[in-house]
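Read through the structure below, which is laid out as structure tokens, and then see the notes.
The values are calculated or read from the model by the stated rules, or taken from the named source; none is laboratory data. Worth saying up front: this structure is predicted, and the values here are computed from it rather than measured. Using ideal geometry, Cβ is built from the backbone for each residue, glycine included, and neighbour counts are taken over all protein chains shown.
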């Protein structure tokens with residue numbers, strides 16, 4: 001079974017803190033993605049990566065950065081957390097082939113106070 | 001440009017009755033289409049996908065969807081709803097590296 005794991009299920013941080021969200025996949029997938037999910041807005045793509053050390057901005061990259069030093073690991077960084085970044089964060093991975101399925105982690109619910 | 005519209009934000013059906021969750025897409029070329037389900041406090045799980053093979057796609061848990069190019073639709077159906085189907089459902093369009101999620105439809109099952 002494909003497994004995508006995220007480092008935390010729940011996280012509480014204070015405004016201004018630096019926050020790291022980690023995602024690990026065990027399927028040797030080339031592509032990895034970070035989304036945030038908010039009620040009524042569906043999933044919105046923050047960043048994705050199609051290879052080690054490669055990254056592309058998604059639809060809402062402002063306030064976020066990412067790091068992909070190893071193929072299996074994709075980190076999302078909030079340099080200075082703000083209350084409007086309170087959300088559910090979902091990581092996904094997929095193979096490089098067109099039309100391939102994305103596999104999702106369980107999500108990290110982040111609360112910024 | 002690609003887009004996907006889920007026509008209902010909430011759908012309520014009685015247990016044992018049919019389910020219809022509607023999805024319309026727009027895409028300049030033949031896209032791949034997916035339905036995902038998200039149960040409370042869980043990640044997204046693939047229900048089924050269409051990638052230009054058979055237009056009627058069968059998925060897990062008795063769900064199926066039909067790709068209708070003339071109507072640009074990919075509606076999700078199930079003949080008989082079960083209480084465990086209560087969840088949020090997302091229609092997704094993918095063309096190369098561009099992936100677009102619908103805003104989701106929350107399915108409520110009435111006893």
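Observations
- Residue that is farthest from the other protein chains (Cβ to nearest Cβ) [pool: residues in the stretch A:64-95 that are under 29 Å from residue B:32 (Cα atoms), out of contact with any strand residue (DSSP E or B) (no Cβ under 6 Å at 6 or more places or on another chain) and touching a residue at least 24 places away in the same chain (Cβ under 8 Å)]: A:71
Residues checked against (1) more than 8 Å from chain B (Cβ to nearest Cβ); (2) modelled with pLDDT of 90 or more:
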| site | (1), (2) |
| --- | --- |
| A:40 | no, no |
| A:45 | no, yes |
| A:49 | yes, yes |
| A:104 | no, yes |
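- Of the strands (runs of 3 or more DSSP E) lying entirely inside the stretch B:13-71, the ones with 1 or more residues being at pLDDT 90 or above and more than 12 Å from every other protein chain (Cβ to nearest Cβ) are found at B:19-21, B:23-26, B:56-58, B:64-68.
- Boolean, residue A:100 is within 13 Å of another protein chain (Cβ to nearest Cβ) and either farther than 26 Å from residue A:12 by Cβ or not in a loop (DSSP other than H, G, I, E, B) (or both): yes
- Residue match in the stretch B:88-97 (condition: without any contact (Cβ under 8 Å) to a residue 40 or more places away in the chain, touching a strand residue (DSSP E or B) at 6+ places or on another chain (Cβ under 7 Å) and either crowded, with 21+ Cβ neighbours inside 10 Å or more than 24 Å from residue A:4 (Cβ to Cβ) (or both)): no
- In the stretch A:9-17, the condition of being within 14 Å of chain B (Cβ to nearest Cβ), over 11 Å from the mean Cα position of the chain (by Cα) and surrounded by fewer than 21 Cβ atoms within 10 Å (Cβ to Cβ) is met by at least one residue.
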